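As structure tokens, the structure follows; a few thoughts come after it.
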There are 2 protein chains.
Amino acid sequence: MGKVGSKPMATLKHCTLWKADRSPSCRAVMMGLDAMNISITEVDVDIDKAEHRAQDIVAMNPFQTLPIFKDRELILTDSHSINTYLAARYHNCNKLLPRDPGGRAVVDQLLLYNCGVLQPRYRAAADPILYENCRFVLPDQIYEIESSYSDLDGILSGRPWLTGSLMTLADISIAATVSTMNILVPVDKKKFPNLIRWMYTMSEESFYSTANDKGLEEFARRIGKFLNVETSSKICYEFVK
Amino acid sequence: MGKVGSKPMATLKHCTLWKADRSPSCRAVMMGLDAMNISITEVDVDIDKAEHRAQDIVAMNPFQTLPIFKDRELILTDSHSINTYLAARYHNCNKLLPRDPGGRAVVDQLLLYNCGVLQPRYRAAADPILYENCRFVLPDQIYEIESSYSDLDGILSGRPWLTGSLMTLADISIAATVSTMNILVPVDKKKFPNLIRWMYTMSEESFYSTANDKGLEEFARRIGKFLNVETSSKICYEFVK
């Protein structure tokens, strides 16, 4: 994991993350760690080899999903709660996760939007391609994803970050999802100018380079194999420049 | 709103909740308020009269969903973040929402499960009946809901509450959703004994009587009008006794 910012990196030897880079949820935690300058043990789990179904993994997470995070006796399996836990417990900064209840609630609300709206729409578009022999993004899913782009474009109108003037964990989690959805349904610069501007700003952050780019490219290559030529040409990971 | 427990009720005149009783998300907040012994201004929004699309409501929440919560300049529209905000800011008790980062993260994770898994499955079952002339719960949705019951039954194995030995806001939010799903797909006592036991214990809480029962009955009556006789006979709101 890369080093971000000028603060010395905190190394938490008692914490471990099991992850797969191509998963947006895993990349949200990896970006969160780098943004907070926290180093923990990371274990790659090869989903293609069904390692997420291994006995020791299932013992920690019966739902067989990634990421899985462990801090001594505490096990967490939701990327949002992993990031907020790390910020609340180990990060001495009030910006990524405000400590005042109002600021925290606004971040929480966006994390819940990512969990309850964006992630299900991403999965509804990607899963038929990855697991059900579908060779294109279904029209209903394109509509749903573009509705989300419209929501986010509205939220970002007149403000640099999703909650206002400061980047928070909400930007990080949502960037992981949207950058992946962008491979399936490219964000239209003209229709969603605020969203594209925000995506580009996010892509310039060093934690994005160190913790999102590699897995994103892996996902693009993988999904490209399943799609036909015409549709795979849409897998063009470009921000406005 | 009823009074719960022996502590004097805190009245927050600067806070308002716009809600519809038949919505599980609204009932989650109403139960949260009663469980925390907090009284705020409550405004009923008649969805049948499209009051949720009124100009003043849309100005607060462009997504036109309920609940909407306002505390001076702060507006929140997600039931989970409303409850955690109220607990963190106004409730002098560490039980419903633990203050230590680990305990809070475990509650957060279950709230995210409610938002990302249970609520979408509830909507996928209810919306075709309420809005698309469907007259039964679709088989795929029954399967998904029963998978959720199985998940919850596993989590509740050997513990009285979802996070362990204390009832938290996670129990309250999930009770609002599951009690409503139970009308569509009744929880089988034999298949899910831990879940039924927990549902019964929740139904005995005074905040459940004051803030969940009425809206739940309203939902049952409403959904009953759309269903045929055979299926409506399943709308049997019974816990094990």
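Around the amide H of A:Asp188, modelled in the peptide plane, lies no amide H under 5 Å away from a residue 5 or more places distant or on another chain.
Taking the Cα atoms of the protein assembly as shown, the ratio Rg/Rh between the radius of gyration and the Kirkwood radius comes to 0.95.
Before I look further, what does the protein assembly as shown give for accessible area per residue, probe 1.4 Å, in whole square angstrom?
Working: 21420 Å² over 482 residues.
So the protein assembly as shown comes to 44 Å² accessible per residue, rounded to a whole number.
Distance between the C-alpha centres of segment A:134-178 and segment B:69-129: 21 Å, rounded to the whole angstrom.
The amide H of A:Ser39, built 1.01 Å from its N in the peptide plane, has A:Ala10, A:Thr11, A:Leu12 as neighbours under 5 Å, considering only residues 5 or more places off or on other chains. What 222 nm value per residue comes from the helices of chain A, counting each DSSP H run with n ≥ 4 as -39,500 (n - 2.57) and dividing by all residues, nearest 500 deg cm²/dmol? Value at 222 nm, helices only: -16000 deg cm²/dmol.
Distances, shortest first, from the label point of B:Phe63 to those at the same position in the other copies read 1.8 nm; the point lies 7 Å along Cα to C-beta. Peptide packing: for A:110-119, A:89-98, A:129-138, the average count of neighbouring Cβ atoms within 10 Å per residue gives the ranking A:110-119, A:89-98, A:129-138, highest mean first. Residues of segment A:110-143 with accessible area at least 30 Å² lower in the all-protein-chain context than alone (1.4 Å probe)? Residues shielded by partner chains are A:Leu112, A:Cys115, A:Gly116. Summarising the strand pairing of chain B, around 55 percent of its internal DSSP beta bridges are antiparallel.
Relative contact order, percent, of segment A:101-241 when contacts are C-alpha pairs under 8 Å separated by at least 6 residues? Working shown, then result.
On the way: 122 pairs, mean separation 41.9, N = 141.
Here the relative contact order equals 30 percent.
Size descriptors for chain A (Cα atoms only): Rg and Dmax, in that order, 17.4, 50 Å.
With its label point put 7 Å out from Cα toward Cβ, A:Arg89 sits 2.7 nm from the same residue's point in the other copies, in order from shortest. Distance between the pseudo-spin-label points of A:Thr65 and B:Ser157 (7 Å out from Cα toward the beta carbon): 1.9 nm. Under 17 Å between alpha carbons, and skipping anything fewer than 8 positions from A:Lys95 in its own chain: which aspartates and glutamates qualify? Within the straight-line limit of under 17 Å, A:Lys95 reaches these aspartates and glutamates: A:Asp34, A:Asp108, A:Asp171, A:Glu205.
Once C-alpha pairs closer than 8 Å and six or more residues apart are averaged by separation and normalised to the residue number of segment B:10-90, the relative contact order reads 36 percent.
The listed peptides B:185-194, B:167-176, B:36-45, ordered by packing as a protection proxy, come out as B:167-176, B:36-45, B:185-194 (highest mean of other Cβ atoms within 10 Å first). With contacts taken as Cα pairs under 8 Å at a separation of at least 6 residues, chain A carries a relative contact order of 25 percent. What separates the B:Ser157 label point from its copies, with the point 7 Å along Cα to Cβ, is 5.0 nm, written shortest first. Among A:Lys19/A:Lys70; A:Lys190/A:Lys214; B:Lys13/B:Lys214; A:Lys49/A:Lys70; B:Lys70/B:Lys214, which pairs are too far apart, with a Cα-Cα distance over 18 Å? With Cα atoms farther than 18 Å apart: A:Lys190/A:Lys214; B:Lys13/B:Lys214; A:Lys49/A:Lys70; B:Lys70/B:Lys214. Simple rule: put +1 on each Lys or Arg Cβ and -1 on each Asp or Glu Cβ in segment B:182-230, find the dipole, and look at B:Met199, B:Ala211, B:Phe226; the Cα lying farthest toward the positive end is B:Phe226.
Using protein heavy atoms only (no ligands, DNA or RNA), what is the total accessible area buried between B and A, 1.4 Å probe, nearest 100 Å²? Walk me through the intermediate numbers first.
Numbers: alone 11660 and 11690 Å², together 21420 Å².
The summed interface area works out to 1900 Å².
For segment B:170-177, 3J(HN,Hα) computed residue by residue from phi via the Karplus equation (6.51, -1.76, 1.60; θ = phi - 60°) reads 5, 4, 5, 5, 5, 4, 4, 6 Hz, glycine and proline entered as x.
Residues whose amide H comes within less than 5 Å of that of A:Phe136, counting only those at least five positions distant or on another chain, are absent (H built at 1.01 Å from N in the peptide plane). A simple spin-label model places pseudo-atoms 7 Å from Cα toward Cβ; at A:Val58 and A:Leu74 they are separated by 2.8 nm. Within the protein assembly as shown, antiparallel bridges make up roughly 55 percent of the DSSP beta bridges whose residues both belong there. The slack between B:Leu12 and B:Lys189, meaning 0.36 nm per residue of separation minus the straight C-alpha distance, is 59.7 nm. Carbon-plus-sulfur accessible fraction, the protein assembly as shown (probe radius 1.4 Å, protein heavy atoms only): 51%.
With the highest mean first, a sort of the peptides A:216-227, A:15-26 on other beta-carbon atoms found within 10 angstrom per residue produces A:15-26, A:216-227. Each residue of segment A:198-215 was assigned a 3J(HN,Hα) from its phi angle through the Karplus curve 6.51 cos²θ - 1.76 cosθ + 1.60 (θ = phi - 60°); the sequence is 5, 4, 5, 4, 4, 5, 7, 5, 5, 5, 5, 5, 6, 10, 10, 4, 4, x Hz, with glycine and proline shown as x. Converting phi to 3J(HN,Hα) with the Karplus coefficients 6.51, -1.76 and 1.60 and the offset θ = phi - 60°, segment B:155-165 yields 4, 8, 5, x, 9, x, 10, 5, 9, x, 8 Hz in sequence order, with x at every glycine or proline. Think of segment A:101-232 as having a plus end and a minus end, set by charges on the Cβ of Lys, Arg, Asp and Glu; of A:Ala105, A:Cys134, A:Ser157, A:Ser157 sits farthest toward the positive end of this dipole.
Zone of A:Leu130 (label point 7 Å along Cα→Cβ, backbone N under 15 Å): which residues in segment A:185-203? Residues A:185 fall inside that zone.
The values are calculated or read from the model by the stated rules, or taken from the named source; none is laboratory data. Remember, predicted model here, so these are calculated numbers, not experimental data. Heads up, the Cβs are rebuilt from the backbone with ideal geometry, glycines too, and the neighbour counts pull from every protein chain shown. To get the accessible areas, we keep the full protein, side chains included, count just its heavy atoms, and leave off ligands, DNA and RNA. Shrake-Rupley method; radii C 1.70, N 1.55, O 1.52, S 1.80 Å.
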